[in-house]
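Structure first, then comments.
Since every read-out is calculated from the coordinates, none of them should be taken as a lab result. Everything numeric in this text was worked out from a predicted model, so none of it was measured. So basically every Cβ, Gly included, is an ideal-geometry build from the backbone, and we count neighbours across all protein chains shown.
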Amino acid sequence: MMGKVAILTDTNSGISPEEAKAHGIYVLPTPFYINDTLHYEGVDLSEDEFYRFQGQGADIKTSMPIVGDVMDKWNELLEEYDEVVYIPLSSGLSASCETARLMAEEDDYEGKVFVVNNQRISVTMKISAYEAKQLADEGKSGAQIRDYLEAHKAESVIYLMVDTLEYLKKGGRITPAVAAIGSLLKIKPVLLIDGQKLDSFAKARTIKQARTIMLDAIEADMKSRFRSADRQELIISMAHTQNREMIEEFRQEAMERFGGKDIKVDPLSLVVACHTGSGVIAITATKSFIDNI
């Protein structure tokens, strides 16, 4: 008989403690250094506190999960489970995935801990964790779950509109000159998270235009990238950073565009918010076998 498999991810997935408990998934808190003081997301750093620090101009640095914390959690889970599937942040956005893979090769974990590199973040990473849990419940092994998630890693995309260029400049993703011109012209950049990295996708002059660009992009993906999936197999979801009113308006637009399809909304990962600031709205599409998130 196949042994029990624990599913472990981190708070970059956006899975709240309540959701984790309800779905039988384990979640590691993501560490942040704020003015050189260590904080853990969801433990002593709430979403509101993060944006308050950011708005005050605090020096905020992301950090991969601390190695000792990860190993302690693996050890704890292996006392109850035969195997652990660990789904960390995309390898293109953090060194945590590669570090965890090296750790999993140690004698204590080889054949017991399976680290997934499926290059996801936020809502799309959350879907991966839910898929992993369903596969575990169906009796799949840790290796089978890892292999499935990695084989399907490209079946996901995120588009997001950034309200300010300040944090992209601070993170070195655009030059100060480009940021200054963009701010002067009040450009609303539309960014793309597709697997490994955060990239520029389009430039909009208005919020309305940016929302149209994102909806058009999702519709184009449905006809090409996700053409093998009908709309019932495609989860469309949304995320935002402190922009609840606008994301609800955007949600209504998207539901009308896509035939009344239900669309869930989550806060955007704080790791992404480090580079974007508040005021972001995002839409994602992910091909999946689960019914909802």
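General observations
- Each residue, Thr212 and Glu49, gets one label point 7 Å from its Cα in the Cβ direction; the gap between the two is 4.3 nm.
- Between Arg257 and Asn75, the modelled labels are 4.9 nm apart [label points 7 Å from Cα along Cα→Cβ].
- Taken over the chain, the alpha-carbon convex hull comes to 126 cubic angstrom per residue.
- Order of Glu138, Glu155 - criterion: other Cβ atoms within 10 Å of each residue's Cβ, fewest first: Glu138, Glu155
- FRET efficiency for Lys61 and Ala151, using Cβ-Cβ distance with R0 set to 30 Å, rounded to 0.05: 0.35
- On the beta carbon distance between Glu248 and Thr37, with R0 = 45 Å, the FRET formula returns roughly 0.85.
- The order of Arg251, Arg120, going from fewest to most other C-beta atoms within 10 Å of their C-beta, is Arg251, Arg120.
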